[in-house]
1. Could you give the length gained by full extension between residue 48 and residue 193, i.e. 0.36 nm per residue of separation minus their alpha carbon distance, to one decimal place?
2. With every atom except the alpha carbons ignored, what do you get for Rg and Dmax of segment 173-220, in angstroms?
3. Which of the three applies to segment 6-130, rounded, prolate or oblate, going by the alpha-carbon gyration tensor with a ≥ b ≥ c and a/c under 1.5 meaning rounded?
4. Cut-off 10 angstrom, C-alpha nodes, Gaussian network model of the chain. Which of 200, 108, 121 fluctuates the most?
5. Measure off 7 Å from each Cα along the Cα-to-Cβ vector at residue 134 and residue 200, then give the distance between these two points in nanometres to one decimal.
6. Using alpha carbons only, how many angstrom separate the centre of segment 166-220 from the centre of segment 1-62?
7. Normalising by the residue count of the chain, find the relative contact order in percent from Cα pairs under 8 Å and 6+ residues apart.
8. Using a 10 angstrom cutoff on alpha carbons, build the Gaussian network for the chain and name the most mobile of 82, 63, 44.
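Computed from the coordinates by the stated procedures, all read-outs in this text should not be read as laboratory data. Since the structure is predicted, the reported quantities are computational estimates derived from the model, not experimental observations. Positions of Cβ are generated from backbone atoms using ideal geometry, with glycine treated the same way; all protein chains shown enter the neighbour counts.
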């Protein structure tokens, strides 16, 4: 996706915040706000009937919060790309949102308008935003289902990760981006992406946050 064709759904129970995000992003060339929702339930229903390249999702909302809304949206539309915008800096809460399938998060008062725009384009392109060290640790502490643990153990015997895949997984667990991994290994970024695709397939995962959690929990 090139810069210039990104559609957004803004989800927040605060009208002022929704209007502020719209006024901030809509003037940008190629950014189009195609919808708003004030609750998680509204966001779920909106995405069932429409589509947006990126969903800007608040966490703290009544009835259905942003974490559960993220899960429900991705269950119906796995291709959806969700960016969390929140006032919460609680690592456990942010880790839960990433495990639910969000492609990254930004904490209000911690980012500039330029950083928000960059994050929108990163997520729209299908990439993920590396989490902070505190959130990385919180990801590792999330419980794993016993059936999942057994699957990973069997998978490692049947089709173990290569030395290079393990090396890249370790760098992902450090919170490094694809570009940073490529620089560290002196290879092309495309090569890194190819390795990541293969290790995701072996581990039956779909995001670097799952990779971080499994690696730090010593499950792969």
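1. Details: separation 145, 0.36 × 145 = 52.20 nm, distance 3.05 nm.
So the extension gain works out to 49.2 nm.
2. 10.8, 29
3. On the way: a/c = 1.23, a/b = 1.10, b/c = 1.11.
It comes out rounded by the Cα gyration axes.
4. Looking only at 200, 108, 121, the biggest GNM fluctuation is shown by 108.
5. The modelled label-to-label distance comes out at 2.8 nm.
6. Between the Cα centre of segment 166-220 and that of segment 1-62, the gap is 30 Å.
7. On the way: 326 pairs, mean separation 34.3, N = 220.
Once divided by the residue count of the chain, the mean separation gives 16 percent.
8. 63
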